[in-house]
1. Is there any pair with a first residue in the range 42-61 that is farther than 14 Å from VAL27 by Cβ and a second that is of a type in the set (Val, Ile, Thr) whose Cβ atoms are under 7 Å apart and which are 6 or more apart or on different chains, and what are they?
2. Only one of (1) within 18 Å of the chain's Cα centre (by Cα); (2) part of a loop (DSSP other than H, G, I, E, B); (3) of a type in the set (Gly, Ala, Ser) is not met by GLY171, so which one is it?
3. Determine, yes or no, whether LEU188 is under 21 Å from the mean Cα position of the chain (by Cα), of a type outside the set (Lys, Arg) and assigned to a helix (DSSP H, G or I).
4. Consider the range 142-177. How many of its residues are surrounded by fewer than 18 Cβ atoms within 10 Å (Cβ to Cβ), under 15 Å from LEU84 (Cβ atoms) and touching a residue at least 40 places away in the same chain (Cβ under 8 Å)?
5. Just give me the residues in the range 178-196 being closer than 15 Å to GLY80 by Cβ and among the hydroxyl-bearing types (Ser, Thr, Tyr), in sequence order.
Amino acid sequence: MSRAASTREKILKATLALLEAGDGNAVRMGDVAKRAGISRQALYLHLKNRADLLIAATHYLDEIKGAEARLAPSRNAQSGAERLEAFIEAWAGYLPEIYGMATALLAMSDHDSAAAAAWKERMQDMREGCAAAMAALSAENRLAMPEKEATDLLWTLLSVRNWEQLTKGSGWTQAQYLDTLTTTAQRLFIVSEREI
C-alpha cells in the first residue's frame, strides 16, 4: 500500500470512528486530522472539503463491509421477483452495520450541508437499487403499480428510520424485519403469474 493510500485510509477510518461516536455532533476537518494523526493541511491534500470527506467515508464503509458482493445476488438474479427479494435481503442485512454512521449523518443533516450531501448521495445509490428491482419486474409485466411509484415506495419502506422504528423501537428481530419486509414487498409489487 502506498503512503498516500495509507494516509487516506487513516483519514477515512478516523472519520467513521468520529461519526459513529459523535451522536450527531459535527465532524470537523480538524477533528479528523487529529484522530488520524496528520495535519489539517495533509488532510486537505487528500480530500478537498467536508462533503467529499463524508462521502468518501461512506464509500469506504461500503468497501470494508463488502457492499458490492452483497449486491451481486440481486444484480445476477434471473427474474424480477428474485431481484427484489435479493435486494431487500442485501439492504436489510446491511442496515445494522451502517446504523451508527447513518444516524450520525441523519442527525447532522438538518444543520450541516456536507452531512446532508453525503447522506443524499448514499440514499440515491440505494434508490437506484430499488429502481433496478422495479424495472426488472416491469420488464416481465409483473409490476403491480407504476414503476416510479413502486420505486419511491420501496425506497421509503427500506429507510433507516423505518428499520430503526421496527427493530429498536418495537423490538423486532432482524429475521422478523427481513421476513416481514420481503413478504410485504412481494404482496405490494408483484403481480402473480396467474394474473398476467
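The values are calculated or read from the model by the stated rules, or taken from the named source; none is laboratory data. Worth saying up front: this structure is predicted, and the values here are computed from it rather than measured. For neighbour counting, all protein chains shown are included, and Cβ atoms are generated from backbone atoms with ideal geometry for every residue, glycine included.
1. If the second residue must be of a type in the set (Val, Ile, Thr), the pairs left are ALA42/THR7; HIS46/THR7; HIS46/ILE11.
2. (1)
3. Spelling it out, it is not the case that LEU188 is under 21 Å from the mean Cα position of the chain (by Cα), of a type outside the set (Lys, Arg) and assigned to a helix (DSSP H, G or I).
4. 2
5. Correct list: THR182, SER192.
Here is a yes/no grid of residues against (1) modelled with pLDDT of 95 or more; (2) surrounded by fewer than 18 Cβ atoms within 10 Å (Cβ to Cβ):
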| residue | (1), (2) |
| --- | --- |
| GLU82 | yes, yes |
| ALA102 | no, no |
| HIS111 | no, yes |
| ALA117 | no, no |
